[in-house]
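The values are calculated or read from the model by the stated rules, or taken from the named source; none is laboratory data. Nothing here was measured: the structure is a model prediction, and the numbers come from that model. Backbone-built Cβ (ideal geometry, glycine too); neighbour counts: all protein chains shown. To get the accessible areas, we keep the full protein, side chains included, count just its heavy atoms, and leave off ligands, DNA and RNA. Shrake-Rupley method; radii C 1.70, N 1.55, O 1.52, S 1.80 Å.
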Amino acid sequence: MGKTEGAMVEEEEIVIVGGGIAGLATALALKRVGLSARVLERYPELRAVGAALTLSPNAWFALRALGVDHKLTSVYHTLTKSLVTNLETGATQEVDFAGIKDRREDAVVRPVHRKFLLQALAEELPPDTIRFSSKLISIKSESLEDSSKATLLHLEDGTIIKAKVVIGCDGVHSAVAQWLGLSEPMKAGRSAVRGLSVFPEGHGFKMQVRQFLSGGIRAGFIPLNSTDLYWFVIEKSSSGNPELILKEITTNLAKDFPSDFLAVAKNTDMSTLTWAPLVFRAPWSIALGQAHSANVTVAGDAMHPMTPEIGQGGCSALEDAVILARCLSHARGVQHWPEKALQEYVEQRRWRLAWIVACAWFFGKMQHSGGTGKEWWSGAARWFRDRVFYGFIFSRIVDSLYFDCGDLIPAKSKALLR
Ligand SMILES: Cc1cc2nc3c(=O)[nH]c(=O)nc-3n(C[C@H](O)[C@H](O)[C@H](O)COP(=O)(O)OP(=O)(O)OC[C@H]3O[C@@H](n4cnc5c(N)ncnc54)[C@H](O)[C@@H]3O)c2cc1C
(Lines give C-alpha, C1' and ligand atoms only; values in the text may rest on other atoms or scores of the structure.)
Protein backbone atom coordinates (compact mmCIF):
# COMPACT_ATOMS: atom_id res chain seq x y z
CA MET A 1 0.00 0.00 0.00
CA GLY A 2 1.14 3.58 -0.73
CA LYS A 3 -0.43 7.07 -0.69
CA THR A 4 -1.62 9.31 -3.53
CA GLU A 5 -3.15 12.76 -2.89
CA GLY A 6 -3.64 11.69 0.73
CA ALA A 7 -5.62 8.56 -0.20
CA MET A 8 -4.44 4.99 0.44
CA VAL A 9 -3.38 3.22 -2.72
CA GLU A 10 -3.63 -0.55 -3.11
CA GLU A 11 -1.20 -2.19 -5.52
CA GLU A 12 -2.06 -5.02 -7.91
CA GLU A 13 -0.14 -6.66 -10.77
CA ILE A 14 -3.12 -7.22 -13.11
CA VAL A 15 -6.60 -5.76 -12.70
CA ILE A 16 -9.59 -6.85 -14.77
CA VAL A 17 -12.52 -4.43 -14.75
CA GLY A 18 -15.81 -6.35 -15.06
CA GLY A 19 -16.93 -9.77 -13.89
CA GLY A 20 -18.90 -10.92 -16.94
CA ILE A 21 -17.94 -13.70 -19.37
CA ALA A 22 -14.86 -11.83 -20.63
CA GLY A 23 -13.60 -10.79 -17.19
CA LEU A 24 -14.00 -14.17 -15.51
CA ALA A 25 -12.61 -16.10 -18.48
CA THR A 26 -9.60 -13.78 -18.63
CA ALA A 27 -8.96 -14.15 -14.89
CA LEU A 28 -9.12 -17.93 -15.25
CA ALA A 29 -6.87 -17.97 -18.34
CA LEU A 30 -4.31 -15.89 -16.43
CA LYS A 31 -4.51 -18.27 -13.50
CA ARG A 32 -3.89 -21.22 -15.82
CA VAL A 33 -0.66 -19.60 -17.12
CA GLY A 34 0.53 -18.79 -13.60
CA LEU A 35 -0.47 -15.12 -13.41
CA SER A 36 -2.93 -13.77 -10.89
CA ALA A 37 -5.42 -10.98 -11.37
CA ARG A 38 -7.98 -9.07 -9.36
CA VAL A 39 -11.46 -8.71 -10.91
CA LEU A 40 -13.46 -5.57 -10.09
CA GLU A 41 -17.23 -6.01 -10.45
CA ARG A 42 -19.56 -3.07 -9.86
CA TYR A 43 -22.48 -5.20 -8.60
CA PRO A 44 -22.55 -7.08 -5.27
CA GLU A 45 -22.84 -10.44 -7.09
CA LEU A 46 -22.37 -12.04 -10.52
CA ARG A 47 -25.14 -10.97 -12.87
CA ALA A 48 -26.38 -13.02 -15.80
CA VAL A 49 -28.40 -10.55 -17.87
CA GLY A 50 -30.10 -12.25 -20.84
CA ALA A 51 -30.81 -15.67 -19.26
CA ALA A 52 -28.98 -17.89 -21.77
CA LEU A 53 -26.76 -17.92 -24.85
CA THR A 54 -25.60 -20.33 -27.51
CA LEU A 55 -21.94 -21.27 -27.66
CA SER A 56 -20.39 -22.17 -31.03
CA PRO A 57 -17.37 -24.43 -31.60
CA ASN A 58 -14.91 -21.53 -31.16
CA ALA A 59 -16.27 -21.03 -27.62
CA TRP A 60 -15.96 -24.74 -26.81
CA PHE A 61 -12.33 -24.76 -28.00
CA ALA A 62 -11.64 -21.79 -25.70
CA LEU A 63 -13.50 -23.41 -22.78
CA ARG A 64 -11.45 -26.57 -23.30
CA ALA A 65 -8.24 -24.48 -23.16
CA LEU A 66 -9.57 -22.98 -19.91
CA GLY A 67 -10.26 -26.49 -18.55
CA VAL A 68 -13.97 -25.94 -17.86
CA ASP A 69 -15.68 -27.37 -20.96
CA HIS A 70 -16.46 -30.69 -19.23
CA LYS A 71 -18.56 -28.97 -16.56
CA LEU A 72 -20.91 -27.66 -19.25
CA THR A 73 -20.84 -30.48 -21.79
CA SER A 74 -21.99 -32.89 -19.11
CA VAL A 75 -25.10 -30.74 -18.55
CA TYR A 76 -26.02 -29.22 -21.93
CA HIS A 77 -26.93 -31.04 -25.13
CA THR A 78 -25.83 -30.30 -28.68
CA LEU A 79 -27.98 -28.26 -31.05
CA THR A 80 -27.84 -29.75 -34.52
CA LYS A 81 -29.64 -27.23 -36.66
CA SER A 82 -31.56 -24.00 -36.84
CA LEU A 83 -34.90 -23.90 -38.66
CA VAL A 84 -35.69 -20.42 -39.94
CA THR A 85 -39.27 -19.99 -41.17
CA ASN A 86 -40.29 -16.99 -43.22
CA LEU A 87 -43.89 -16.55 -42.12
CA GLU A 88 -44.70 -14.42 -45.16
CA THR A 89 -43.77 -17.09 -47.70
CA GLY A 90 -44.06 -20.18 -45.53
CA ALA A 91 -40.54 -21.25 -46.62
CA THR A 92 -38.27 -22.84 -44.00
CA GLN A 93 -34.49 -22.73 -44.32
CA GLU A 94 -32.58 -25.43 -42.53
CA VAL A 95 -29.24 -24.22 -41.27
CA ASP A 96 -26.94 -27.10 -40.43
CA PHE A 97 -24.51 -26.23 -37.62
CA ALA A 98 -22.02 -28.67 -39.10
CA GLY A 99 -20.95 -25.99 -41.66
CA ILE A 100 -19.37 -26.89 -44.99
CA LYS A 101 -16.00 -28.41 -44.15
CA ASP A 102 -15.00 -31.66 -42.46
CA ARG A 103 -15.61 -31.18 -38.78
CA ARG A 104 -14.15 -32.50 -35.60
CA GLU A 105 -16.46 -34.35 -33.26
CA ASP A 106 -16.09 -31.74 -30.53
CA ALA A 107 -17.02 -28.86 -32.89
CA VAL A 108 -20.63 -28.36 -31.80
CA VAL A 109 -23.15 -25.69 -30.84
CA ARG A 110 -24.71 -25.86 -27.39
CA PRO A 111 -26.98 -23.49 -25.45
CA VAL A 112 -26.12 -22.73 -21.83
CA HIS A 113 -27.68 -20.77 -18.99
CA ARG A 114 -25.54 -17.64 -18.56
CA LYS A 115 -25.48 -18.03 -14.80
CA PHE A 116 -24.17 -21.58 -15.08
CA LEU A 117 -21.36 -20.43 -17.39
CA LEU A 118 -20.38 -17.56 -15.07
CA GLN A 119 -20.39 -19.88 -12.06
CA ALA A 120 -18.37 -22.54 -13.90
CA LEU A 121 -15.67 -19.93 -14.55
CA ALA A 122 -15.86 -18.19 -11.17
CA GLU A 123 -15.59 -21.33 -9.05
CA GLU A 124 -12.19 -22.09 -10.62
CA LEU A 125 -10.75 -18.79 -9.36
CA PRO A 126 -8.97 -18.46 -6.02
CA PRO A 127 -11.23 -17.04 -3.29
CA ASP A 128 -11.31 -13.21 -3.16
CA THR A 129 -10.26 -12.87 -6.82
CA ILE A 130 -13.52 -11.05 -7.51
CA ARG A 131 -13.95 -7.83 -5.61
CA PHE A 132 -17.68 -7.11 -5.71
CA SER A 133 -19.37 -3.68 -5.31
CA SER A 134 -16.26 -2.12 -6.85
CA LYS A 135 -17.25 0.26 -9.60
CA LEU A 136 -14.49 1.89 -11.60
CA ILE A 137 -15.20 5.59 -12.06
CA SER A 138 -11.97 7.01 -13.50
CA ILE A 139 -8.52 6.07 -14.77
CA LYS A 140 -5.17 7.88 -14.69
CA SER A 141 -1.85 6.85 -16.11
CA GLU A 142 1.48 7.48 -14.37
CA SER A 143 5.11 6.94 -15.46
CA LEU A 144 7.34 4.89 -13.18
CA GLU A 145 11.07 5.41 -12.54
CA ASP A 146 12.04 2.62 -14.99
CA SER A 147 10.04 4.48 -17.72
CA SER A 148 7.29 1.84 -17.65
CA LYS A 149 3.68 2.85 -16.92
CA ALA A 150 1.31 2.16 -14.08
CA THR A 151 -2.39 2.91 -14.06
CA LEU A 152 -4.39 4.35 -11.19
CA LEU A 153 -7.96 3.10 -10.99
CA HIS A 154 -10.35 5.21 -8.90
CA LEU A 155 -13.32 3.31 -7.54
CA GLU A 156 -16.68 4.70 -6.49
CA ASP A 157 -16.04 3.76 -2.84
CA GLY A 158 -12.93 6.00 -2.77
CA THR A 159 -10.38 3.19 -3.19
CA ILE A 160 -7.46 3.80 -5.55
CA ILE A 161 -5.76 0.78 -7.11
CA LYS A 162 -2.38 1.04 -8.82
CA ALA A 163 -2.05 -1.67 -11.47
CA LYS A 164 0.75 -2.77 -13.79
CA VAL A 165 -1.76 -4.15 -16.31
CA VAL A 166 -5.42 -3.17 -16.72
CA ILE A 167 -7.85 -5.20 -18.83
CA GLY A 168 -11.22 -3.57 -19.42
CA CYS A 169 -13.91 -6.28 -19.60
CA ASP A 170 -16.58 -3.80 -18.60
CA GLY A 171 -19.05 -4.39 -21.40
CA VAL A 172 -20.63 -2.34 -24.15
CA HIS A 173 -20.41 1.01 -22.34
CA SER A 174 -16.86 0.37 -21.17
CA ALA A 175 -15.14 3.14 -19.21
CA VAL A 176 -11.79 1.59 -20.18
CA ALA A 177 -12.63 1.68 -23.92
CA GLN A 178 -13.65 5.32 -23.53
CA TRP A 179 -10.36 6.08 -21.80
CA LEU A 180 -8.48 4.39 -24.64
CA GLY A 181 -10.37 6.62 -27.09
CA LEU A 182 -12.20 3.81 -28.91
CA SER A 183 -15.21 4.97 -30.91
CA GLU A 184 -18.64 4.92 -29.27
CA PRO A 185 -20.76 1.87 -30.17
CA MET A 186 -23.27 2.60 -32.95
CA LYS A 187 -27.00 1.91 -32.67
CA ALA A 188 -28.22 -0.94 -34.87
CA GLY A 189 -31.79 0.44 -34.86
CA ARG A 190 -33.16 -2.72 -33.30
CA SER A 191 -33.67 -4.03 -29.79
CA ALA A 192 -33.91 -7.44 -28.19
CA VAL A 193 -36.34 -8.80 -25.65
CA ARG A 194 -35.20 -12.03 -24.02
CA GLY A 195 -36.57 -14.37 -21.42
CA LEU A 196 -36.49 -17.84 -19.98
CA SER A 197 -39.54 -20.14 -19.94
CA VAL A 198 -39.67 -23.11 -17.65
CA PHE A 199 -42.03 -26.06 -18.19
CA PRO A 200 -41.55 -28.31 -15.13
CA GLU A 201 -43.39 -31.18 -16.86
CA GLY A 202 -41.14 -30.91 -19.93
CA HIS A 203 -41.57 -28.73 -23.04
CA GLY A 204 -41.38 -31.53 -25.60
CA PHE A 205 -39.37 -29.61 -28.24
CA LYS A 206 -36.39 -31.08 -30.11
CA MET A 207 -32.87 -29.69 -29.48
CA GLN A 208 -33.17 -27.32 -32.44
CA VAL A 209 -33.17 -23.54 -32.75
CA ARG A 210 -36.54 -22.35 -34.10
CA GLN A 211 -36.67 -18.90 -35.67
CA PHE A 212 -39.49 -17.00 -37.34
CA LEU A 213 -39.22 -13.95 -39.59
CA SER A 214 -42.10 -11.63 -40.32
CA GLY A 215 -42.50 -7.93 -41.00
CA GLY A 216 -38.96 -7.05 -39.92
CA ILE A 217 -39.32 -9.04 -36.69
CA ARG A 218 -37.12 -12.02 -35.85
CA ALA A 219 -38.26 -14.22 -33.01
CA GLY A 220 -37.28 -17.64 -31.83
CA PHE A 221 -36.67 -20.08 -29.05
CA ILE A 222 -33.93 -22.50 -28.08
CA PRO A 223 -34.30 -25.47 -25.72
CA LEU A 224 -31.68 -25.48 -22.96
CA ASN A 225 -32.69 -28.84 -21.51
CA SER A 226 -35.92 -30.80 -21.24
CA THR A 227 -37.67 -28.13 -19.12
CA ASP A 228 -36.09 -24.73 -19.92
CA LEU A 229 -36.38 -22.69 -23.12
CA TYR A 230 -34.67 -19.43 -23.94
CA TRP A 231 -36.68 -17.16 -26.25
CA PHE A 232 -36.04 -13.83 -27.94
CA VAL A 233 -37.65 -11.23 -30.16
CA ILE A 234 -35.59 -8.76 -32.16
CA GLU A 235 -37.55 -5.83 -33.47
CA LYS A 236 -37.49 -2.08 -33.94
CA SER A 237 -39.09 -0.72 -30.77
CA SER A 238 -37.07 1.96 -29.04
CA SER A 239 -38.65 1.93 -25.59
CA GLY A 240 -37.30 -0.19 -22.80
CA ASN A 241 -40.10 -1.65 -20.68
CA PRO A 242 -39.77 -5.41 -21.20
CA GLU A 243 -43.12 -6.24 -19.57
CA LEU A 244 -45.01 -3.87 -21.86
CA ILE A 245 -43.07 -5.25 -24.82
CA LEU A 246 -43.94 -8.83 -23.85
CA LYS A 247 -47.61 -7.82 -23.72
CA GLU A 248 -47.27 -6.14 -27.11
CA ILE A 249 -45.56 -9.24 -28.51
CA THR A 250 -48.15 -11.71 -27.33
CA THR A 251 -51.19 -9.57 -28.14
CA ASN A 252 -50.10 -7.73 -31.24
CA LEU A 253 -46.63 -7.97 -32.77
CA ALA A 254 -46.41 -11.71 -32.81
CA LYS A 255 -50.08 -12.63 -32.88
CA ASP A 256 -49.55 -14.16 -36.31
CA PHE A 257 -46.54 -16.12 -35.06
CA PRO A 258 -46.84 -19.87 -34.50
CA SER A 259 -48.67 -20.93 -31.36
CA ASP A 260 -45.55 -22.79 -30.17
CA PHE A 261 -43.61 -19.52 -29.97
CA LEU A 262 -46.47 -17.66 -28.26
CA ALA A 263 -46.89 -20.47 -25.71
CA VAL A 264 -43.18 -20.23 -24.87
CA ALA A 265 -43.22 -16.41 -24.57
CA LYS A 266 -46.40 -16.40 -22.45
CA ASN A 267 -44.83 -18.84 -20.00
CA THR A 268 -41.88 -16.52 -19.23
CA ASP A 269 -40.32 -16.40 -15.80
CA MET A 270 -40.75 -12.62 -15.44
CA SER A 271 -37.60 -12.25 -13.33
CA THR A 272 -35.56 -13.19 -16.42
CA LEU A 273 -37.25 -10.80 -18.86
CA THR A 274 -34.88 -8.15 -20.26
CA TRP A 275 -34.81 -5.55 -22.99
CA ALA A 276 -31.67 -4.19 -24.64
CA PRO A 277 -31.02 -1.88 -27.57
CA LEU A 278 -28.58 -3.50 -30.00
CA VAL A 279 -25.29 -1.74 -30.65
CA PHE A 280 -22.02 -2.55 -32.37
CA ARG A 281 -18.61 -0.99 -32.87
CA ALA A 282 -17.85 -0.16 -36.50
CA PRO A 283 -15.65 -2.96 -37.91
CA TRP A 284 -13.11 -0.44 -39.25
CA SER A 285 -12.75 1.02 -35.73
CA ILE A 286 -11.99 -2.44 -34.42
CA ALA A 287 -9.52 -3.14 -37.22
CA LEU A 288 -7.75 0.21 -37.01
CA GLY A 289 -8.58 1.66 -33.56
CA GLN A 290 -6.20 1.93 -30.61
CA ALA A 291 -7.37 -0.98 -28.43
CA HIS A 292 -4.35 -0.79 -26.15
CA SER A 293 -2.20 1.90 -24.67
CA ALA A 294 0.98 0.95 -22.80
CA ASN A 295 -0.43 -1.36 -20.11
CA VAL A 296 -4.19 -1.00 -20.69
CA THR A 297 -6.39 -2.97 -23.09
CA VAL A 298 -9.94 -4.25 -23.52
CA ALA A 299 -11.62 -7.60 -24.16
CA GLY A 300 -15.16 -8.89 -24.77
CA ASP A 301 -17.93 -6.40 -25.47
CA ALA A 302 -15.69 -3.57 -24.25
CA MET A 303 -13.55 -4.18 -27.35
CA HIS A 304 -16.03 -5.53 -29.89
CA PRO A 305 -19.71 -4.94 -29.14
CA MET A 306 -21.70 -6.62 -31.90
CA THR A 307 -25.27 -7.40 -32.88
CA PRO A 308 -26.36 -10.86 -31.69
CA GLU A 309 -27.53 -12.52 -34.90
CA ILE A 310 -24.63 -14.95 -35.17
CA GLY A 311 -24.32 -15.37 -31.39
CA GLN A 312 -20.64 -14.49 -31.24
CA GLY A 313 -20.23 -11.78 -28.57
CA GLY A 314 -19.68 -14.21 -25.71
CA CYS A 315 -17.88 -16.80 -27.87
CA SER A 316 -15.31 -14.31 -29.08
CA ALA A 317 -14.89 -12.96 -25.52
CA LEU A 318 -13.76 -16.48 -24.57
CA GLU A 319 -11.28 -16.49 -27.48
CA ASP A 320 -9.98 -13.08 -26.29
CA ALA A 321 -9.34 -14.47 -22.81
CA VAL A 322 -7.18 -17.36 -24.03
CA ILE A 323 -5.19 -15.31 -26.53
CA LEU A 324 -4.62 -12.41 -24.14
CA ALA A 325 -3.37 -14.69 -21.35
CA ARG A 326 -1.10 -16.51 -23.79
CA CYS A 327 0.41 -13.22 -24.98
CA LEU A 328 1.00 -12.05 -21.39
CA SER A 329 2.50 -15.39 -20.46
CA HIS A 330 4.89 -15.40 -23.45
CA ALA A 331 6.11 -11.85 -22.83
CA ARG A 332 6.72 -12.28 -19.10
CA GLY A 333 10.32 -11.55 -18.15
CA VAL A 334 10.97 -9.39 -21.22
CA GLN A 335 11.57 -5.68 -20.54
CA HIS A 336 8.29 -3.70 -20.68
CA TRP A 337 6.45 -7.04 -21.02
CA PRO A 338 2.90 -5.75 -20.52
CA GLU A 339 3.19 -3.31 -23.41
CA LYS A 340 4.64 -5.91 -25.75
CA ALA A 341 2.05 -8.52 -24.75
CA LEU A 342 -0.93 -6.19 -25.15
CA GLN A 343 0.30 -4.99 -28.52
CA GLU A 344 0.67 -8.60 -29.69
CA TYR A 345 -2.81 -9.47 -28.37
CA VAL A 346 -4.48 -6.58 -30.20
CA GLU A 347 -2.61 -7.43 -33.42
CA GLN A 348 -3.78 -11.03 -33.21
CA ARG A 349 -7.40 -10.05 -32.56
CA ARG A 350 -8.28 -6.95 -34.54
CA TRP A 351 -8.93 -8.38 -38.04
CA ARG A 352 -10.78 -11.48 -36.93
CA LEU A 353 -13.03 -9.41 -34.65
CA ALA A 354 -13.69 -6.80 -37.34
CA TRP A 355 -14.77 -9.66 -39.65
CA ILE A 356 -17.04 -11.24 -37.01
CA VAL A 357 -18.70 -7.89 -36.17
CA ALA A 358 -19.22 -7.20 -39.89
CA CYS A 359 -20.71 -10.69 -40.43
CA ALA A 360 -23.06 -10.19 -37.47
CA TRP A 361 -24.20 -6.82 -38.83
CA PHE A 362 -24.68 -8.16 -42.37
CA PHE A 363 -26.54 -11.21 -41.11
CA GLY A 364 -28.82 -8.99 -39.01
CA LYS A 365 -29.49 -6.75 -42.00
CA MET A 366 -30.37 -9.76 -44.14
CA GLN A 367 -32.69 -11.28 -41.59
CA HIS A 368 -34.54 -8.05 -40.99
CA SER A 369 -34.70 -7.00 -44.62
CA GLY A 370 -37.66 -7.51 -46.92
CA GLY A 371 -40.63 -6.91 -44.65
CA THR A 372 -44.08 -7.15 -46.07
CA GLY A 373 -43.70 -4.64 -48.91
CA LYS A 374 -45.11 -5.59 -52.30
CA GLU A 375 -42.64 -3.37 -54.21
CA TRP A 376 -40.14 -5.12 -56.48
CA TRP A 377 -37.16 -4.11 -54.31
CA SER A 378 -38.81 -5.53 -51.20
CA GLY A 379 -39.39 -8.81 -53.04
CA ALA A 380 -35.81 -8.77 -54.37
CA ALA A 381 -34.46 -8.25 -50.85
CA ARG A 382 -36.52 -11.20 -49.60
CA TRP A 383 -35.36 -13.35 -52.50
CA PHE A 384 -31.73 -12.40 -51.81
CA ARG A 385 -32.17 -13.19 -48.11
CA ASP A 386 -33.87 -16.55 -48.55
CA ARG A 387 -32.07 -17.90 -51.62
CA VAL A 388 -28.62 -16.30 -51.79
CA PHE A 389 -27.92 -15.46 -48.18
CA TYR A 390 -29.24 -18.60 -46.49
CA GLY A 391 -28.41 -20.76 -49.52
CA PHE A 392 -24.75 -19.78 -49.93
CA ILE A 393 -23.34 -17.00 -47.74
CA PHE A 394 -24.50 -18.20 -44.33
CA SER A 395 -22.47 -21.40 -44.47
CA ARG A 396 -19.31 -19.30 -45.08
CA ILE A 397 -20.11 -17.25 -41.99
CA VAL A 398 -20.71 -20.46 -40.04
CA ASP A 399 -17.24 -21.58 -41.10
CA SER A 400 -15.60 -18.71 -39.26
CA LEU A 401 -17.26 -19.89 -36.05
CA TYR A 402 -14.96 -22.93 -36.08
CA PHE A 403 -11.85 -20.90 -35.25
CA ASP A 404 -9.69 -22.71 -32.72
CA CYS A 405 -7.80 -20.27 -30.48
CA GLY A 406 -5.45 -23.09 -29.42
CA ASP A 407 -4.10 -24.10 -26.05
CA LEU A 408 -3.04 -21.68 -23.35
CA ILE A 409 0.30 -23.38 -23.12
CA PRO A 410 1.55 -24.53 -26.57
CA ALA A 411 1.89 -28.31 -26.96
CA LYS A 412 5.71 -27.94 -27.37
CA SER A 413 6.08 -26.24 -23.97
CA LYS A 414 3.72 -28.77 -22.36
CA ALA A 415 5.97 -31.58 -23.62
CA LEU A 416 9.01 -29.86 -22.10
CA LEU A 417 7.22 -29.61 -18.76
CA ARG A 418 6.59 -33.39 -18.66
C1 LIG B 1 -29.93 -10.29 -27.49
C2 LIG B 1 -28.54 -10.81 -27.32
C3 LIG B 1 -28.29 -12.15 -27.56
C4 LIG B 1 -26.97 -12.64 -27.48
N5 LIG B 1 -26.76 -13.95 -27.75
C6 LIG B 1 -25.48 -14.43 -27.70
C7 LIG B 1 -25.23 -15.80 -27.99
O8 LIG B 1 -26.11 -16.58 -28.27
N9 LIG B 1 -23.92 -16.22 -27.96
C10 LIG B 1 -22.90 -15.37 -27.64
O11 LIG B 1 -21.74 -15.81 -27.63
N12 LIG B 1 -23.13 -14.07 -27.35
C13 LIG B 1 -24.39 -13.59 -27.37
N14 LIG B 1 -24.63 -12.28 -27.05
C15 LIG B 1 -23.50 -11.42 -26.70
C16 LIG B 1 -23.07 -11.64 -25.26
O17 LIG B 1 -24.17 -11.47 -24.40
C18 LIG B 1 -21.99 -10.63 -24.89
O19 LIG B 1 -21.06 -10.54 -25.92
C20 LIG B 1 -21.28 -11.06 -23.61
O21 LIG B 1 -22.17 -11.09 -22.53
C22 LIG B 1 -20.13 -10.07 -23.34
O23 LIG B 1 -19.55 -10.38 -22.12
P24 LIG B 1 -18.63 -9.29 -21.43
O25 LIG B 1 -18.09 -9.95 -20.23
O26 LIG B 1 -17.69 -8.72 -22.43
O27 LIG B 1 -19.60 -8.10 -21.05
P28 LIG B 1 -20.83 -8.06 -19.94
O29 LIG B 1 -21.51 -9.36 -19.97
O30 LIG B 1 -21.56 -6.84 -20.28
O31 LIG B 1 -20.04 -7.94 -18.59
C32 LIG B 1 -19.47 -6.72 -18.21
C33 LIG B 1 -19.32 -6.73 -16.70
O34 LIG B 1 -18.62 -5.56 -16.30
C35 LIG B 1 -19.27 -4.96 -15.20
N36 LIG B 1 -18.96 -3.53 -15.26
C37 LIG B 1 -19.34 -2.63 -16.18
N38 LIG B 1 -18.85 -1.41 -15.90
C39 LIG B 1 -18.11 -1.54 -14.78
C40 LIG B 1 -17.36 -0.63 -14.00
N41 LIG B 1 -17.27 0.67 -14.31
N42 LIG B 1 -16.72 -1.09 -12.89
C43 LIG B 1 -16.79 -2.42 -12.54
N44 LIG B 1 -17.52 -3.31 -13.25
C45 LIG B 1 -18.17 -2.89 -14.36
C46 LIG B 1 -20.73 -5.28 -15.42
O47 LIG B 1 -21.48 -5.18 -14.23
C48 LIG B 1 -20.66 -6.69 -15.98
O49 LIG B 1 -20.68 -7.67 -14.97
C50 LIG B 1 -25.92 -11.77 -27.12
C51 LIG B 1 -26.19 -10.43 -26.85
C52 LIG B 1 -27.49 -9.95 -26.94
C53 LIG B 1 -27.75 -8.49 -26.65
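In order along segment 305-315, the Karplus-derived 3J(HN,Hα) couplings, from 6.51 cos²θ - 1.76 cosθ + 1.60 at θ = phi - 60°, round to x, 8, 6, x, 4, 9, x, 10, x, x, 4 Hz, and Gly and Pro are given as x. Estimated from helices alone, the mean residue ellipticity of the chain at 222 nm is -9500 deg cm²/dmol (sum of -39500 (n - 2.57) over DSSP H runs with n ≥ 4, per residue).
One decimal place: the segment W376-D157 gains 72.9 nm when fully extended, by the rule 0.36 nm per residue minus the C-alpha distance.
Approximating the spin labels as points 7 Å out from Cα along Cα→Cβ, the S259-to-V198 distance works out to 2.6 nm. Annotation: amide H of V68 has no partner in the under-5 Å range at sequence separation 5 or more or interchain, hydrogens built in the peptide plane. At q = 0.06, 0.09, 0.14 Å⁻¹, what log₁₀ I(q)/I(0) does a Debye calculation on the Cα points of the chain give, no solvent, two decimals? Here log10 of I(q) over I(0) equals -0.25, -0.56, -1.28. Counting only alpha carbon atoms, the long axis of helix 337-368 and the longest principal axis of the chain meet at about 10°. With the whole protein complex present, E12 retains an accessible surface near 40 Å², based on a 1.4 Å probe. With R₀ set to 56 Å, the beta-carbon distance separating S143 from N225 gives a calculated FRET efficiency near 0.60.
Mind listing the long-range amide H neighbours of R131? Cut-off is under 5 Å, sequence gap 5 or more, other chains count too, H placed in the peptide plane at 1.01 Å from N. The answer is V39, L40, E41. Could you tell me how many degrees, from 0 to 90 and to the nearest 10, lie between the Cα long axis of helix 57-66 and the main elongation axis, the longest principal axis, of the Cα atoms of the chain? So the helix axis and the longest Cα principal axis differ by about 30 degrees.
Rolling a 1.4 Å probe over the protein heavy atoms of the chain, with every protein chain left in place, gives an accessible area that is 53 percent carbon and sulfur. Between the listed residues Q208, G220, L278, the Cα displaced farthest toward the positive end of the dipole of segment 187-279, a dipole computed from Cβ unit charges relative to the Cα centre, is found at L278. Taking amide H as placed 1.01 Å from N in the peptide plane, the amide H of V109 sits under 5 Å from that of L79, each at least 5 places away or on another chain. To check you understand DSSP bridge types, tell me what percent of the beta bridges within the chain (both residues inside) are antiparallel, rounded to 5. Of the beta bridges lying entirely in the chain, close to 70 percent run antiparallel.
Which of the three applies to segment 264-389, rounded, prolate or oblate, going by the alpha-carbon gyration tensor with a ≥ b ≥ c and a/c under 1.5 meaning rounded? Prolate.
According to the calculation over all Cα-Cα pairs in segment 187-279, the P(r) per 5 Å bin from zero is 3, 14, 27, 25, 18, 9, 3, 0, 0 %.
Projecting the Cα atoms of F394, L324, G50 onto the charge dipole of the chain, computed from C-beta unit charges around the Cα centre, puts F394 farthest toward the positive end. In this Cβ point-charge picture (+1 for Lys and Arg, -1 for Asp and Glu), segment 187-279 has a dipole of about 340 debye about its Cα centre.
Dipole magnitude for segment 120-182: about 220 debye, using +1 per Lys or Arg Cβ and -1 per Asp or Glu Cβ, origin at the Cα centre. Using Cβ point charges alone (K and R +1, D and E -1), the dipole size of the chain about the Cα centre works out to roughly 760 debye. Between K236 and T251, the distance separating the two model label sites (each 7 Å from Cα on the Cα→Cβ line) works out to 2.2 nm.
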